[in-house]
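Heads up: the structure comes next, in structure tokens.
The values are calculated or read from the model by the stated rules, or taken from the named source; none is laboratory data. All values reported here derive from a predicted model rather than from experimental measurement. Glycine also receives a Cβ, built like all others from the backbone with ideal geometry; neighbour counts cover every protein chain displayed. Protein only, heavy atoms only, side chains kept; ligands, DNA and RNA dropped before computing areas. Shrake-Rupley method; radii C 1.70, N 1.55, O 1.52, S 1.80 Å.
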Amino acid sequence: MYSPHTAGESKLGYLYQSRYALLRALRDGKKNPALSISIEKFDDVAFEQDDRPIELIQTKHHVKPGDTGDKSVDVWKTLKIWIEFIESDPNTVSNTRFVFLTTNTAAESSALSFLKPHESFRDIHKAKDYLVTAASTSENKKTETARKSFLALDDAQKLLLLASVWVFDNAQNISGVRQEIEEELFYSAPEGMIGQLTDYLEGWWFNRVIGALSGESADSIPVNSIQSKIYEIIESFKSGK
């Protein structure tokens, strides 16, 4: 049944991953300007270097609190994507970072909670055991294929995958990400024009993303092109164009 609320959440999810991709590109481009970024190519968001993905990011934007337990549809859909990616090229698992980013809070004592970056939480062995239990006991048809794929991995393969998985919960929502982009651009913008600079940059960025998704332009966007665009916008402010 069609639900305007569900449709709205879905649209927000697509906008969120595009906006989050811009934020991450602004941050990571400072450290490695040779990176490229793509959306809906390898994953929701992916960073690439030398034409190979080095980080796959699943973004989970929720308007209301949702399920982040071990039988969560979000968790199993994500694992299915990553397992299929690894199966297509087994050598990638140890060279790729898999990120699960959610605006929700990881359920306490869940697999997700044991895959967070904090040393006091992180335990891939516990995460494996929790996921095996959930995969073996869940009766959810939506996750059946993903659960079977996970159980088909041997213990070493499961641990190798989970060692590359990093969970970031309580992430900023779509409005919060906009604020973080403005913070990244703060020292680039002329006084009093941070909002305008961000508007112009986002307008250009969303058009680049549309071009990549539609096949009208390359499906990967060099992160250094973002800095070039920022300079271009700033110069236009100075010239009054």
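Miscellaneous remarks
- One residue alone among K60, K31, K11 is among the basic types (K, R) and buried (at least 22 other Cβ atoms within 10 Å of the Cβ), and that residue is K60.
- The requirement of being among the aromatic types (F, W, Y), open to solvent by less than 50 Å² (accessible area, probe 1.4 Å) and closer than 17 Å to S72 by Cα is not satisfied by F168.
- Qualifying residues in segment 34-46 (those that are touching a residue at least 40 places away in the same chain (Cβ under 8 Å) and not aliphatic (A, V, I, L, M)) - the one surrounded by the most Cβ atoms within 10 Å (Cβ to Cβ): D43
- Residue identified as closer than 23 Å to E48 by Cβ, open to solvent by 70 Å² or more (accessible area, probe 1.4 Å) and charged (D, E, K, R) among E191, E216, E232: E216
- Screening K142 on (1) within 16 Å of the chain's Cα centre (by Cα); (2) under 22 Å from E9 (Cβ atoms) shows it passes everything except condition (1).
- In the set V93, V75, V63, V132, only one residue is under 30 Å from E9 (Cβ atoms) and not in a loop (DSSP other than H, G, I, E, B); that residue is V75.
- Within segment 135-149, the residues that satisfy the criterion of being out of contact with any Leu (no Cβ under 6 Å at 6 or more places or on another chain) and either open to solvent by 40 Å² or more (accessible area, probe 1.4 Å) or part of a helix (DSSP H, G or I) (or both) are S136, T137, E139, N140, K141, K142, T143, E144, T145, R147, K148, S149.
- Residue count for segment 189-241 satisfying the condition of being assigned to a loop (DSSP other than H, G, I, E, B), aliphatic (A, V, I, L, M) and without any contact (Cβ under 8 Å) to a residue 12 or more places away in the chain: 1.
- Inside segment 35-55, residues that are within 13 Å of F100 (Cα to Cα) and touching a helix residue (DSSP H, G or I) at 6+ places or on another chain (Cβ under 7 Å) make up a count of 3.
- Only one entry in Q157, Q172, Q179 is more than 22 Å from the chain's Cα centre (by Cα) and within 26 Å of L56 (Cβ to Cβ), namely Q157.
- Restricting attention to segment 101-130 and to residues that are farther than 17 Å from L159 by Cβ and touching a residue at least 60 places away in the same chain (Cβ under 8 Å), the residue that is surrounded by the fewest Cβ atoms within 10 Å (Cβ to Cβ) turns out to be T105.
- From T68, T78, residue being in contact with a Leu (Cβ under 7 Å, 6 or more places away or on another chain), β-branched (V, I, T), open to solvent by less than 20 Å² (accessible area, probe 1.4 Å) and more than 19 Å from G211 (Cβ to Cβ): T68
- Set F85, F114, F42: member being outside any loop (DSSP other than H, G, I, E, B), at pLDDT below 95 and among the aromatic types (F, W, Y): F85
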